[in-house]
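Taking it in order: structure first as structure tokens, then the write-up.
None of the figures in this text is laboratory data; all of them are computed from the coordinates on show. It should be emphasised that the depicted structure is a prediction, and the values quoted were computed from it without experimental measurement. Here the Cβ positions follow ideal geometry from the backbone for every residue, glycine too, while neighbour counts run over all protein chains shown.
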Amino acid sequence: MKRVGPIIAFAIIGLLIFVLFKAFGTDPHEVPFLLNGKPAPNFKIKRLDNDQEVTLDQFKGRPIVLNFWATWCGPCKAEHPVLEYAWKKYEKDAVFLGIVFEDNEQNTKRFLAENGWSFPQLFDPKSTVAVDYGVSGVPETYFITKEGIIQGKVAAPFSHPMQIDARMKGILQ
């Protein structure tokens, strides 16, 4: 009976060591993503510039870059020029859509008027699209193939165009 205590202690220490070593070397931005390789959830929300309803399905047959962002998000503001650059580079090959997350129309329209924007910006007033995609924070960018399959997401801001270029290769095949 006296041997049970040390065996349990040894097992607990071994488990803790395993957990610690398993966690080292992982990317802290890498969030478990259950939609990877699955069909992108369709949505129907309005554009900010003309109040027209937009669905994801209307873009099937073209790769899609879907960026969730907000005006109160500093990293989102910093990545805005990088996304604009990418849209200008890939506008003939892919659709870019911005989806405003947990913000209001007035703030968003002011930000876009001050900073410019080229690709459609959509307003998700109740964050239902964000919930469907499993958005855990902003910015988050989803890469969707022309077949409508989510190829991956980036849960961090893009700071350089080369970061998007690398992801675009995967959906432009």
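What distance in nm lies between label points placed 7 Å from Cα along the C-beta direction at Val131 and Asn36?
2.6 nm
How many percent of DSSP beta bridges within region 31-171 run antiparallel, rounded to 5?
Within region 31-171, antiparallel bridges account for around 60 percent of the total.
Using r as the Cβ-Cβ distance of Glu114 and Asp165, and R0 as 25 Å, what FRET efficiency do you calculate, to the nearest 0.05?
That pair, Glu114 with Asp165, gives E of 0.40.
Could you give the length gained on full extension between Asp57 and Ile8, defined as 0.36 nm per residue of separation minus the Cα-Cα distance, in nm?
Length gained between Asp57 and Ile8: 12.1 nm.
What's the local net charge at Leu172, with K and R +1, D and E -1, over the other residues with C-beta under 15 Å away? Let's see the in-between values first.
Numbers: positive: Arg62, Lys89, Lys92, Lys146, Arg167, Lys169; negative: Glu91, Asp93, Glu147, Asp165.
Overall, the nearby charge balance is +2.
How much length would be gained if the chain were fully extended between Arg47 and Glu147, taking 0.36 nm per residue of separation minus their Cα-Cα distance, in nm to one decimal?
Length gained, Arg47 through Glu147: 33.7 nm.
Looking at region 31-171, what % of the alpha carbon pairs are farther apart than 28 Å?
Counting pairs separated by more than 28 Å, the tail of P(r) holds 7 percent.
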